[in-house]
Amino acid sequence: MAHAWRCTGLRWGGVEPCLVWEGGRRSPLPRGKAVGFGVVDGGGRTCVGARGHACPVRAGVPGRSTGARCEECARLDRAHSVAADTFADDPRPYHVYLAWFGPGMVKVGITAVERGSARLLEQGAVCFAWLGRGPLMAARRAEEVLRAALKVPDRIPYAEKRLLRASLPDRAEREGELAAVHGRALALPGWPESLEPVAFQAVDHFAVFGLGGLPAADGVVSELVAGGVVGGEVLAVAGPDLHLATGRGVVVLDTRLMTGWELTAPTGEGARDAVTVPVKEVRERGGGGGVQDGLF
């Protein structure tokens, strides 16, 4: 039997994305690299556990789940989570940020100051700017103010982000839209006194993600399946997404779908650029509802 590995996800160390595997091995993902793996035939996807602990029952999880956790492990994972508002007494300072993903797509969020820009790389923010710095609850209050007063969301679906990456405007336009929202945000009444405003300074990830000259995606992997294969050449990496040139066109793989599976080296003729897992056809934004359900 071929050796199998389990992927723990894509990580951004500095500005270089890597796939990380159980045991600590890392696979860098530079532009132009050939990537390929097969899903072990006859197996299933199992829960990845919570907070560094394995799932006690190795529960099965759906192939389309990006969290790869069973209901109980998901509950445990969120029981000490800033994102879930279950860790309100976190003493660390937090940044409030504005992140830009495409024209008309700006979101507000918070991240611990000690994490730097890692959260923005993980989300696939094309550019971002810090808005304020202060205690956790003050940062949360600022988020609420922006959502209520400016209708700035705190979440943007990955499906929408992916549709825009191949047709982004130039840096001046990206930063101009971000600067306009930043200015309106700082002018709002109701800011917490303990939140220190941060002057506008944009950080751009366009080159870091490799988005220059990126062709439009033809399809998006919807799930992995036992016996399936994914292979292609890395065109870009943004957030958890790999944009791959394959024998079936440009296909986007959300690497969160890889966790929980046993993976091995692909075999057979043509496996280098093959995609034999379910893929959804992509339609342009505004062209009838985003992503289709048909097999690619």
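The values are calculated or read from the model by the stated rules, or taken from the named source; none is laboratory data. Just so you know, these numbers come straight off a predicted model, no measurement behind them. No Cβ is skipped: glycine too gets one built from the backbone with ideal geometry, and neighbour counts run over all protein chains shown. Surface accessibility is based on the protein's heavy atoms, side chains included, excluding ligands, DNA and RNA. Shrake-Rupley method; radii C 1.70, N 1.55, O 1.52, S 1.80 Å.
With each label modelled as a point 7 angstrom along the Cα→C-beta vector, the D154-E114 pair spans 2.2 nm. Computed extension gain for A79 through R64, at 0.36 nm per residue and net of the alpha carbon distance, reaches 3.1 nm.
Taking a point 7 angstrom from the Cα of E196 along the C-beta vector, which residues in the stretch 106-122 have backbone N less than 17 Å away? Residues 111-117 fall inside that zone. Given their separation in residues at 0.36 nm each and the Cα-Cα distance between them, R6 and R272 gain 93.8 nm when the chain is fully extended. With no solvent and one equal point scatterer per Cα, compute the Debye intensity ratio I(q)/I(0) for the stretch 1-152 at 0.19 Å⁻¹ and report its log10, rounded to two decimals. So the normalised log intensities work out to -1.32.
Taken per residue, the accessible surface of the chain reaches 47 Å², heavy atoms only and a 1.4 Å probe. Note on the stretch 212-263: Kirkwood hydrodynamic radius from all Cα pairs is 11.5 Å, rounded to one decimal.
Between the alpha-carbon centres of the stretch 184-221 and the stretch 242-273 there is a gap of 29 Å. Taking trypsin sites (Lys or Arg not before Pro) across the stretch 124-161, the ones in a DSSP loop with at most 10 further Cβ atoms lying within 10 angstrom of their Cβ are K151, R155.
From helices alone, the chain scores -5500 deg cm²/dmol at 222 nm; the rule is -39500 (n - 2.57) for each run of n ≥ 4 DSSP H residues, then divide by the residue total.
Listed by chain and number, the lysines whose alpha-carbon sits under 17 Å from that of K161, ignoring those within fewer than 8 places in the same chain, are K107, K280.
By the Cβ rule of 4.7 Å, the chain holds the following cysteines without a possible disulfide partner: C7, C18, C73, C127.
Dipole of the chain computed with +1 at Lys/Arg Cβ and -1 at Asp/Glu Cβ about the Cα centre; of A79, L10, G260, farthest Cα towards the positive end is A79. When only Cα pairs below 8 angstrom with a gap of at least 6 residues are kept, the chain shows a relative contact order of 25 percent.
Computed over the chain, the percent of Cα pairs more than 27 Å apart is 45. Here the gap between V20 and E72, fully extended at 0.36 nm per residue and compared with their Cα-Cα distance, gives a gain of 16.3 nm.
Per residue, the average separation of C-alpha pairs within less than 8 Å and at least 6 apart gives the stretch 59-158 a relative contact order of 26 percent.
The magnitude of the dipole of the chain, with charges of +1 and -1 set on the Cβ of Lys/Arg and Asp/Glu and taken from the Cα centre, is near 180 debye.
Normalised by the number of residues in the stretch 143-290, the average gap of Cα pairs under 8 Å and 6 or more apart makes the relative contact order 24 percent. Since only V20, A216, A202 are under comparison, the one whose Cα sits farthest along the positive direction of the charge dipole of the chain, derived from C-beta charges on Lys, Arg, Asp and Glu, is V20.
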